[in-house]
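Working notes for the structure below.
Here, each number is a calculation from the coordinates, and none is a lab measurement. What you are looking at is a predicted structure, and each value in this text was computed from that prediction instead of being measured. Reconstructed Cβ throughout: ideal geometry from the backbone, glycine too, with neighbour counts over all protein chains shown.
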Amino acid sequence: MKTSYAPSLTKIMSGSFAASLRFGIISSVATALCSLTPSHATTLLTDSFLNPNAPASGAEMNDNLANRQTGSLATVGYSSSTLNTGGAGTSGFAYLNEGSNLEILSDVGTFAKVWTTTGFSTSAQTTISVDLWPTVTQSSGSGSASLLVGGGLANTQANDGVLWAGGAANAITVTLYGTGTLTIRDQSLFDGADGEYIYWGAGAFTNNGFKNLKIVTSAFASGSQSMSFYLDDTAVLSNYTRAAGFTSDNYIGFQAYRNTGATQSAFDNLSVTVVPEPSSLALLGLGGLALAARRRR
């Protein structure tokens, strides 16, 4: 007689075996939910820099904030201590141009920066994205456009227009030069001997026009974090780990430098989003499965 060691159908559907089976099914489905359910990003701020004024007229950099911004933190203004915000015709200015971009025109041979008047602090994965158009290469020189994230308000105001540690503390500064070079600086590593440079890439781009810059960080707060950097959706530096973290009041800044003969830098389409982890929908699915299992016992 052939002996079968397979459990009977009745045993499978009842008793402790059934409980184990149900738990296994719940675990499998929960895993599937976590892997298949996307984590929905929460928008903290987007800014289109929309200029409703007539073409070529320009507008003050904080004009029309309510209509050009979205997100849970909107509206967020901008400030600068090195620029005259009165518009074209003044010495050094930032304004919304006819293309609905934020333009920064610093005085020749100087830095100028505009920063948000609201700080950011998140404990989840945060993506900061902006389009930059650095001053174009000309025979007499070129300039640069920078995105600076994580500077505290006190040192941002006191040292406005400075790329290095004195004006940025633990900030990260990403700079696009009109010559096509891309650099990334971790200001917490500043040592007076260029120790803050964590990436330097010549020939990162060869054509004029807007370039999308994206920073993805595991958290936008104090403490250790992992960061990845993208130019036009191509990774240039991935999983960079820094122990210093940011400050408790992280500000976002745009910075321009102009050599003789170079034009102004432009910025557009700022976006700050957070992806909560784990997915709330997956957690709800797991909770529902667990409740169903308990009712069947």
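Karplus-derived 3J(HN,Hα) values for the stretch 240-248, using 6.51 cos²θ - 1.76 cosθ + 1.60 with θ = phi - 60°, are 6, 9, 10, 8, 5, x, 8, 8, 8 Hz; glycine and proline are entered as x. Look at the alpha carbon pairs under 8 Å that are at least 6 residues apart: their mean separation over the length of the stretch 42-275 gives a relative contact order of 28 percent. Full extension of the chain between Y197 and S238 yields a length gain of 13.3 nm, computed as 0.36 nm times the residue separation minus the alpha carbon distance.
Couplings 3J(HN,Hα) for the stretch 104-111, derived from phi with the Karplus relation 6.51 cos²θ - 1.76 cosθ + 1.60 (θ = phi - 60°), are 10, 10, 7, 5, 4, x, 10, 8 Hz, where x marks Gly and Pro.
At an R0 of 35 angstrom, the distance between the Cβ atoms of S228 and T117 translates into a FRET efficiency of 0.80.
Among residues other than M227 with Cβ under 13 Å from its Cβ, the summed charge is +2 (Lys and Arg +1, Asp and Glu -1).
Per-residue 3J(HN,Hα) values for the stretch 179-190, derived from phi via the Karplus relation 6.51 cos²θ - 1.76 cosθ + 1.60 with θ = phi - 60°, read 7, x, 8, 10, 10, 10, 10, 9, 5, 5, 9, 4 Hz in sequence order (x marks Gly and Pro). Of interest is the spacing of the C-alpha centroids, which for the stretch 244-271 and the stretch 38-78 amounts to 16 Å. Annotation: amide H-H contacts under 5 Å for T42 (H modelled 1.01 Å from N, sequence separation of 5 or more, or interchain): V274, V275.
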